[in-house]
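Report on the following structure.
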Amino acid sequence: MKTIYKIAGALAGVLLLSSCEDFLEKEPLDFLTPEYYYTDVESVNKGITGIYDALQSSALYGQFLAFQFVGNTDIESFNRDIFGTNGRTTQMNVCAHNPDNSELYQTWTALYDGVGRANSLIAQIPTVETTDSLKNRYLAEAKALRGLFYFHLAVNWQNVPLRTEPVTSPK
C-alpha cells in the first residue's frame with residue numbers, strides 16, 4: 001500500500017513540476033485584433049461603417065443626444081417635473097442634472113466608443129495595401145467622424161480627455 005502512495009506521490013510531483021507554458025499561452029480565438037482585421041479595402045469599409053454605427057446608438061443620435069442635449073429651451077422644458085417619471089431626461093433639458101444621471105453616462109461612453117473605433121481604424125489604415133488616394137480618403141473620413149464625436153464631447157462637457165491613439169490595454 002505504501003508503494004502505491006509513493007508512486008502516486010511521485011507521479012503527482014512530476015505532473016506539478018512539468019511545464020505547461022505552451023498550454024497556457026494561446027492566441028485568443030474569440031476576436032480579431034485590428035492589425036489582423038484591417039488588411040484590405042473591404043475590411044476598412046466595414047471599419048468606417050462601424051464608426052457610423054456608433055452614431056445611431058440610443059445614447060447619441062438614436063435618442064439622448066438628438067433630443068435631450070439639444071432642446072435646452074424654455075419652450076421645451078417650461079413647467080416640467082424634473083423629479084417625475086421622466087426626471088433624468090428633464091433634468092438635462094433644464095440643466096439641473098446630477099452626476100448619477102445614467103443618460104449622461106451612456107452618452108459619454110457612447111461618444112468615447114466612437115472615438116475608440118475611429119482611433120483603431122486610423123492607426124491601421126496606413127498598413128492596408130491600396131492606393132494613397134484611397135488611404136487618404138479613409139483617413140479623412142475616420143478623422144472627421146472622430147472630430148464629430150469630440151465636437152459633441154466639447155460642447156457638452158468642455159475640457160475632455162483627447163485620445164488620438166487606440167487604447168490597447170485597460171491601464
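The values are calculated or read from the model by the stated rules, or taken from the named source; none is laboratory data. Keep in mind that this is a model prediction, so the values were computed, not measured. Note that each Cβ is placed from the backbone with ideal geometry, even for glycine, and that neighbours are counted across all protein chains shown. Just the protein is used for accessible areas: all its heavy atoms, side chains included, with ligands, DNA and RNA removed. Shrake-Rupley method; radii C 1.70, N 1.55, O 1.52, S 1.80 Å.
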- Taking R117, is it in contact (Cβ under 8 Å) with a residue 60 or more places away in the chain, within 16 Å of K46 (Cα to Cα) and among the basic types (K, R)? yes
- Query: How about region 99-109: which of its residues are surrounded by fewer than 22 Cβ atoms within 10 Å (Cβ to Cβ) and either assigned to a helix (DSSP H, G or I) or of a type in the set (A, V, I, L, M, F, W, C) (or both)?
  - Reply: S102, E103, L104, Y105, Q106, W108, T109
- Item | Pair list, Cβ < 6 Å and 6+ apart or interchain, from region 40-67 residues that are without any contact (Cβ under 8 Å) to a residue 40 or more places away in the chain to residues that are open to solvent by 60 Å² or more (accessible area, probe 1.4 Å) and assigned to a loop (DSSP other than H, G, I, E, B) | G62/Q56
- Note on the structure: Within region 125-146, residues being aliphatic (A, V, I, L, M), touching a residue at least 40 places away in the same chain (Cβ under 8 Å) and closer than 24 Å to P161 by Cα number 3
- Qualifying position, being open to solvent by 70 Å² or more (accessible area, probe 1.4 Å), aliphatic (A, V, I, L, M) and at pLDDT below 90, among V155, V94: V155
